[in-house]
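Derivation of every value follows stated rules applied to the coordinates shown; laboratory data play no part. Since we're looking at a predicted model, the values are computed, not measured. So basically every Cβ, Gly included, is an ideal-geometry build from the backbone, and we count neighbours across all protein chains shown.
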């Protein structure tokens, strides 16, 4: 058996790819709880017997002697799955039945599992110290390490400083998570919904009239490409328009009404084609955001969302024990009371004040938004005061 | 050791087409490295920041075809801010200055400007192929430059890009002498098109085999185009709307009968379902059908259409087809290899949506299935186990339950066993995306069984650092790992720092990793770029190390920290 393993790594070590050989002796094994549905996999039993005492009695983090033990028996075998050797993981739901010559015991496995897991955790570095041969352009990595190929692979199986297992002792200030994390994360969906929704509303498509599962307020979920998301929203809108028109025109003669429908659909669709997410930039802020205009039906909600996005500097959802500072610098974008105004660039490339035209017309011509300093925006606003009055009387 | 002259070696290497094979060959010895490098024409760079254009040019002077990828995958879902990076300009500049005779450029998730396109079009006399997927930053003016200046252009393929459409004229920029087009895809353009120019272009392109139109091309034009290009293999319709009783529609029906070569069909960005019967005759020969943008086709019409498509190998569809529709797919399309079911209403609760039953039906009827992307309302362990048993050939398995932490609705348990069955049964699995309620257990299974796994996407899963550790230790071939909203912290991140040099990249957002953890990692691994994306101005450079990091993206690189990082990206 020892012939299969090269002692001390070296170039050929890289090329050893095979699994450790088939098993002949079958030690007792343990089963996971709950038992997984598939039959167990073969593993090298002799190795397992030797491994067993070490893994049962070795401390969670590695000593040099254990390293050299593994080096002796594994060399550079890449498919190192030692804890498989100790576990007979029968995914029992599929009822794969016998298949394996090993008997699985019914003894409780929890403690053994933990030990095995820890070992498995620790064994990673060795096996991963060899970059895959099938790297794309990373071959440069191997060769540029100074002298042909073997630089990395030639290193003896020693855990260099950079690959040392870092133990809890190394983390001076880490917070021990324990079970609190899982509870925090089981509440994640709702927590995220509550806070991230407001903070990151630009990036998430907010609920359209009605049913908000928490998914709707999570940024980037469901994972659909932004382009597809935009066209989805636009298509729904244009379909609704088409249906409305059909209802309205069903009394007319067939041909002409149908032609009208088709053309109208096209027009509406084209109008709304470029909608969806438009970019928003604010003066003095390096990062732009995106807003989904289809998620709003009036200026008020749009302004509110932008105000949340740009003017409320909140800490992250998961601030550890800290308070959330809600500093609202300057709230109202639309009524001129803040030092910023909301402007947009229309189809012709002109910059206009948001709020002058009816919402639908705005949707049809807006290309992107910009939150401008009021001082710069004065030239855009001949009817500033009148517009302010109108805005104030709008319900919010 | 080498008994052959270099030319013979080169000739042998010509038969090696895959990048991995060529990379392997170049590692054998310095002679092979040299021969391989001079004979290499196609290069794939999965992360544009892993290497510099200069190094690329130095090593491969014979480069003709370059593929580049820029932003991390999660940029598709708006998780990466706008100015993060991924600019193609430095690449094009460097290539233009060199003697490289670039002929093909394929970009994914990169920022492309009009200037870049202009420079590209003027710098390479033999430029033939431009494929842009999920890119942004350019307008139709850039396309006009490509059209006007690339005299031998064969392929212009724009897939799902954000393009500022200044409308219409770019298509007219193809000179009359341009007759070499084989593939033209502008389906993602949102503006008007000069229809007459389009018809003339098609008429003078006898080699055109792939044509995907945008929404602005009406059915009348489609009919005229098909008359001119009956040899099309790949067709994407634009607006497929007309009166089914009209002359035009009848002409279309006759014309389509002549198009016997069509194997890929897509588009239907607008559709009048009553016009669908015209395409039934070509459905029989279709191997690929993409109706994922055809929101106007309802479930029953979809089913009627699918019944004609017995030879389908790839199907992209919306979930309004429903479980019943998937059963029809299962009984009709027994050759199916790739299926993608997209949500038509991602934020509502649709009664037409698909559930686990649809997937199980598919697995029974389509045993050759190897690629799946499935958005659904719910999933059960039993269903996943059944699917795993029926379809052991999965290479890509991506499941997205719309409510991200939903358990098995029948047993109320996590979906660990279901996914465990998938990874155990599908030994060739290379790509996996998880969703639903998941504990550390699923990662244990993945670490144990997913030996070929190269890309893993995780969201809202796991209980502790162990989860991530199982994956890092178990998946030897892992190249890309992307994690969001999971309780993995510094312990998991730092347990095996050498692993990251064997991977292309790692993304962690909304996890428990702190600034200290990232700094430590960066210090210890100089060949990794550890980038923090800081979108809120709270974190300063001397921020507290215990502060959690919102978004971290790290990747291996030969060229150190990038110089084009914006202010909000810190390279530690």
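Its alpha carbons give chain B an Rg and a Dmax of 25.1, 75 Å. Across the alpha-carbon atoms of the stretch B:94-208, the computed radius of gyration and Dmax are 13.2, 39 angstrom. Remark: B:237, B:221 ranked as B:221, B:237, counting other beta-carbon atoms within 10 Å and listing the fewest first. Were the residues from residue B:115 through residue B:412 laid out at 0.36 nm apart, the gain over their Cα-Cα distance would be 101.4 nm. Working from the Cα coordinates of the stretch B:352-431, the gyration tensor eigenvalues give, after taking √(5λ), semi-axes of 19, 14, 11 Å in decreasing order.
Taken along the Cα-to-beta-carbon direction at a fixed 7 Å, the label points for residue B:141 and residue B:368 span 4.9 nm.
How many percent of DSSP beta bridges within chain B run antiparallel, rounded to 5? Approximately 15 percent, going by the DSSP bridge assignments. The stretch B:441-491 gives an Rg/Rh value of 0.92, both radii derived from C-alpha positions and Rh following Kirkwood. The distance from the alpha carbon centre of the stretch B:230-305 to that of the stretch B:481-513 is 46 Å, rounded to a whole number. Here the stretch B:261-306 has an Rg and Dmax of 9.9, 27 Å, counting Cα atoms alone. Using the average count of surrounding beta-carbon atoms within 10 Å as a protection proxy, the listed peptides B:512-521, B:469-478, B:15-24 rank, highest first, as B:469-478, B:512-521, B:15-24. Shielding by partners for peptide B:492-501, expressed as the average number of C-beta atoms from other protein chains within 10 Å of each residue's C-beta, is 6. Under 20 Å from a label point 7 Å along Cα→Cβ of residue B:428: give me every residue in the stretch B:472-500 with its amide N that close. B:476-479, by backbone N distance to the label point. With the convex hull of the Cα atoms taken as the outline of the stretch B:54-100, the averaged projected area works out to 3.8 nm². Across the stretch B:75-138, how large is the tail of the calculated P(r) beyond 13 Å, expressed as a percent of all Cα pairs? Considering the stretch B:75-138, 63 percent of its Cα-Cα pairs are separated by more than 13 Å.
Inter-chain neighbour count for B:372-378: the average number of beta-carbon atoms from partner chains within 10 Å of each residue's beta-carbon is 1. Here the stretch B:460-572 carries DSSP beta bridges of which approximately 70% are antiparallel, counting only pairs with both residues inside. For the stretch B:421-572, the convex hull drawn through the C-alpha positions has a volume of 102 cubic angstrom per residue. Highest average first, the peptides B:444-452, A:352-360 ordered by how many other beta carbon atoms sit within 10 Å of their residues are B:444-452, A:352-360. Counting only DSSP H runs of at least 4 residues, each contributing -39500 (n - 2.57), and dividing by the residue count of chain B, the helix-based mean residue ellipticity at 222 nm comes to -9000 deg cm²/dmol.
Please work out the C-alpha center-to-center distance from the stretch B:393-459 to the stretch B:9-41 and express it in whole Å. Result: 37 Å between the Cα centres.
Using a cutoff of 8 angstrom between alpha carbon atoms and counting only pairs six or more residues apart, the relative contact order for chain B works out to 6 percent. The relative contact order of the stretch B:79-162 comes to 30 percent, based on Cα pairs under 8 Å that sit 6 or more residues apart. Between residue B:125 and residue A:300, the distance separating the two model label sites (each 7 Å from Cα on the Cα→Cβ line) works out to 6.7 nm. For the peptides B:306-319, B:94-107, B:485-498, the ranking by packing is B:485-498, B:306-319, B:94-107, with the highest mean count of neighbouring Cβ atoms within 10 Å listed first. Spacing of the modelled spin labels on residue B:6 and residue A:346, each 7 Å from Cα toward Cβ, amounts to 6.5 nm.
Taken residue by residue and averaged, Cβ atoms of other chains lying within 10 Å of the Cβ of A:227-235 number 6. Name the residues of the stretch B:222-242 whose amide N is less than 14 Å from a point 7 angstrom out from the Cα of residue B:285 along the C-beta direction? Counting only backbone N, you get B:229-235.
For the stretch B:439-525, build the convex hull from the C-alpha positions and give me its volume per residue in Å³. Present the calculation step by step, with values, prior to reporting the outcome.
Details: hull volume 6.2 nm³, N = 87.
Convex hull volume per residue, Cα atoms: 71 Å³.
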